[in-house]
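The values are calculated or read from the model by the stated rules, or taken from the named source; none is laboratory data. The structure displayed is predicted, hence computed values, not measured ones. All Cβ positions, glycine included, derive from the backbone under ideal geometry; neighbour counts span all protein chains shown.
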Amino acid sequence: MAEQAPSARSGLHSVTHGTVLMLLGTLVYVGATFLTRVVLVRTLSLADWSDFAFAVALAGLLASIGTIGLPQAVARSLPFAPRDDERRTIVRSASFVLIASAIGFTAGLAVTGVLIGQFYNAPALAETLVAFSVAVGCSILSALVISVFQGFEDVRPNVVFVQVLNPAAFFVFVVVLFRFSPHSLLFPEALGGFVAANLLMIVGLGLYTRRRLPAHLPEGPRAPAAARRLYLFAIPLAAVAVAGFVTGNADLLLLGAFHYASVGSYSATLTLARLLQIGVGSLAYIFLPVAARFVRENDVEGVRLTYATATKWVALTSLPLFLLFFFFPSASLGFVYGSLYTGSTVPLRILALGAIVSTLVGPAAATQVSFGQTRLLVYNAAITAVVDVILGLALIPGYGATGAAIAWASANALNPLLSIVELAVLAGVHPFRRHYVVPVVLTGVPVAVVFAVLPFAPSGLLLPALGLLIAVLFVGIVLLTGSVDHGDALALEVVESMLGRRLTWLRRIGAWRVRARQPDRP
């Protein structure tokens with residue numbers, strides 16, 4: 001273990017630092033997006049809001065197709081490549097393809113949107129599609145830039161420009177238009193603010209790339225053979241990206257086909273359930289290049305150690321939310337959205353069940369990318385996409401939003417379960433060790449029993465106070481039961497280095513104990 005400590009410490013430093021930054025950025029993203037939606041929902045007509053929510057899903061599908069799997073391939077290939085000449089070829093090759101793709105998809109959707117609007121005599125529909133054509137192109141370009149820096153374990157462009165600047169700018173534009181427009185906020189103005197925010201994000205990413213990329217990758221010769229390896233690696237990931245988008249959004253698109261009036265309320269409920277996945281999403285982003293570096297160095301034990309430790313602390317961000325959403329869905333919806341959405345209790349409970357499964361198993365799919373298990377990823381993505389579509393077609397016509405929730409929850413739980421089983425069998429990587437299972441069970445089960453038995457319904461600020469109490473309970477159980485491992489000690493050292501001071505008080509609480517023996521075996 002001593003020989004692996006420097007490598008594990010380096011990996012945990014990247015994971016901890018990157019995950020913290022990603023969590024902070026995601027919180028800003030969620031907050032700004034939520035506030036923007038509040039203004040839009042309260043200002044636009046229900047039909048306009050449904051158009052907007054539906055267009056977001058459609059644009060996401062087109063962006064998934066347009067990236068052709070290259071962002072994940074770049075993020076994995078850069079840390080895996082042993083020489084700078086190969087890295088230069090990877091960046092150049094991906095840039096050439098994705099810039100062309102962004103231009104093509106933007107122009108194609110813009111022209112198609114105008115023609116569709118003329119055919120149906122629906123100028124509002126044409127405006128929506130044209131606006132979102134710009135969003136598709138910006139999504140493809142931003143995916144290219146942040147994947148390059150992700151490969152160098154730099155999460156700042158994603159945090160600053162994608163998670164903070166873009167949603168914050170849109171919020172500011174909407175608020176300014178709403179406040180100073182003489183005729184209140186109209187749908188075309190909202191679309192204009194959306195386009196402006198996306199263009200501002202791309203300009204910021206371009207300036208950051210021009211300034212920071214040479215520090216990671218100076219000019220020099222290239223290795224043409226690396227381009228072919230990149231494209232071959234990206235092909236299955238393209239299928240995974242599209243299937244993954246289908247898994248996450250087919251239910252919403254099908255709901256729009258059968259019960260379009262329910263799209264707005266279901267989209268809001270789904271947004272709330274996805275809060276459970278913030279932690280694991282942030283972890284997966286930085287864990288991919290870190291794990292790829294471990295794999296290149298044949299340090300599988302480093303992957304196992306970092307995976308289990310990071311997943312345990314990510315559970316801290318999701319378990320309290322799950323318990324609140326599942327046992328108090330009406331209060332949760334009312335606290336976030338107001339009384340208009342308190343009727344979506346059954347869909348929220350179902351969605352929360354699917355989301356908590358994907359969180360508790362950790363960043364399994366991202367880890368499979370690091371190991372190069374692309375064929376298994378394709379199988380998993382195809383299976384779960386088919387499950388989502390079949391369940392959606394079977395349940396949505398008769399059960400509406402509840403059927404959509406069942407389809408989403410089933411598919412989003414199945415995908416990470418398949419990945420973690422394959423990782424455990426092939427590489428011995430999984431989070432289910434004593435120091436992870438004990439605090440999750442001893443926190444979740446007793447709190448669930450209390451919430452189920454006691455006849456009380458929290459409201460107002462009592463709801464987030466309960467969530468904070470559950471998080472404190474989780475940390476207390478970790479310390480009191482000695483549910484710590486070598487990875488926790490290394491993670492604490494990383495946090496101390498980030499803060500610039502030694503957290504002596506934390507080491508003393510509950511007698512911070514790190515087992516001297518080897519980590520738990522799979």
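Within the range 438-458, the set of residues being loosely packed, with under 12 Cβ neighbours inside 10 Å and at pLDDT below 85 comprises Leu454, Pro455, Phe456, Ala457.
Being crowded, with 20+ Cβ neighbours inside 10 Å, in contact (Cβ under 8 Å) with a residue 60 or more places away in the chain and in contact with a helix residue (DSSP H, G or I) (Cβ under 7 Å, 6 or more places away or on another chain) is the requirement here; does Phe173 meet it? Answer is no for this residue.
Looking across the range 82-98, just one residue is of a type in the set (D, E, K, R) and buried (at least 24 other Cβ atoms within 10 Å of the Cβ), and that is Arg87. Selection of first residues in the range 366-382 that are on the phi > 0 side of the Ramachandran plot and crowded, with 24+ Cβ neighbours inside 10 Å and of second residues that are of a type in the set (A, V, I, L, M) and assigned to a helix (DSSP H, G or I), restricted to Cβ pairs under 7 Å at least 6 apart or on distinct chains, gives an empty result. When Leu469 is evaluated against the numbered criteria (1) surrounded by 14 or more Cβ atoms within 10 Å (Cβ to Cβ); (2) modelled with pLDDT of 55 or more; (3) closer than 18 Å to Trp313 by Cα, which criterion, by number, is the only one it fails? Just one mismatch for Leu469, condition (1). The residue that is nearest to the chain's Cα centre (by Cα), among those in the range 285-334 that are within 30 Å of Ala457 (Cα to Cα) and of a type in the set (Gly, Ala, Ser), is Ser318.
Does Gly392 satisfy the criteria of being over 22 Å from Phe233 (Cβ atoms) and crowded, with 24+ Cβ neighbours inside 10 Å? Considered against the rule, which asks whether it is over 22 Å from Phe233 (Cβ atoms) and crowded, with 24+ Cβ neighbours inside 10 Å, Gly392 comes out as yes.
Here's the yes/no breakdown for (1) closer than 17 Å to Pro79 by Cβ; (2) assigned to a helix (DSSP H, G or I):
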| site | (1), (2) |
| --- | --- |
| Gly220 | no, no |
| Arg228 | no, yes |
| Ala234 | yes, yes |
| Val242 | no, yes |
| Val246 | no, yes |
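Of all the residues in the range 89-108, those that are without any contact (Cβ under 8 Å) to a residue 40 or more places away in the chain and of a type in the set (Ser, Thr, Tyr) number 2.
When the residues of the range 44-71 are filtered to those that are at pLDDT below 80 and of a type in the set (S, T, N, Q), which remaining residue is surrounded by the most Cβ atoms within 10 Å (Cβ to Cβ)? For the range 44-71, the residue satisfying everything is Ser64.
Take the residues of the range 334-356 that are hydroxyl-bearing (Ser, Thr, Tyr) and over 13 Å from Ser267 (Cβ atoms): which is modelled with the lowest pLDDT? The extreme case among them is Thr342.
Can you work out which of the residues in the range 250-290 that are modelled with pLDDT of 75 or more and small (Gly, Ala, Ser) is farthest from Phe80 (Cα to Cα)? The residue in question is Ser262.
Please verify whether the range 404-425 includes one or more residues that are touching a Phe, Trp or Tyr at 6+ places or on another chain (Cβ under 7 Å) and part of a helix (DSSP H, G or I). Yes - at least one qualifying residue is present in the range 404-425.
Within the range 303-323, residues that are under 17 Å from Ala365 (Cβ atoms) and surrounded by 24 or more Cβ atoms within 10 Å (Cβ to Cβ) have Cβ atoms under 6 Å from residues that are at pLDDT below 80 and not small (Gly, Ala, Ser) in these pairs: Val303/Phe294; Thr306/Leu12; Thr306/Val15; Ala310/Val15; Ala310/Leu283; Val314/Val280; Val314/Leu283, counting only partners at least 6 apart in sequence or on another chain. Applying the set (1) buried (at least 21 other Cβ atoms within 10 Å of the Cβ); (2) within 25 Å of Ile235 (Cα to Cα); (3) over 17 Å from the mean Cα position of the chain (by Cα) to Phe132 leaves exactly one unmet item: (2). With the requirement that a residue be hydroxyl-bearing (Ser, Thr, Tyr) and at positive phi, what does the range 403-448 give you? Once the filter is applied, which keeps residues that are hydroxyl-bearing (Ser, Thr, Tyr) and at positive phi, the range 403-448 yields nothing.
Yes/no per residue for (1) touching a Phe, Trp or Tyr at 6+ places or on another chain (Cβ under 9 Å); (2) under 18 Å from Asn158 (Cβ atoms):
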position	(1), (2)
Thr36	yes, no
Leu62	yes, no
Ala110	no, no
Gly113	yes, no
Ala135	yes, yes
Ile146	yes, yes
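Of all residues in the range 72-81, those satisfying the criterion of being surrounded by 21 or more Cβ atoms within 10 Å (Cβ to Cβ) and either in a helix (DSSP H, G or I) or among the β-branched types (Val, Ile, Thr) (or both) are Gln72, Ala73, Val74, Ala75, Arg76, Ser77, Leu78, Pro79.
Within the range 296-332, the set of residues being among the aliphatic types (A, V, I, L, M) and closer than 16 Å to Ala465 by Cα comprises Leu316, Leu319, Leu321, Leu323, Leu324, Ala331.
What residue, among those in the range 426-437 that are part of a helix (DSSP H, G or I) and within 25 Å of Val475 (Cα to Cα), is modelled with the highest pLDDT? Ranking the candidates gives Val437 first. Among the residues of the range 116-124, is any over 23 Å from the mean Cα position of the chain (by Cα) and in contact (Cβ under 8 Å) with a residue 60 or more places away in the chain? Yes - at least one qualifying residue is present in the range 116-124. Within the range 110-129, the set of residues being crowded, with 18+ Cβ neighbours inside 10 Å and at pLDDT 85 or above comprises just one member, Ala110.
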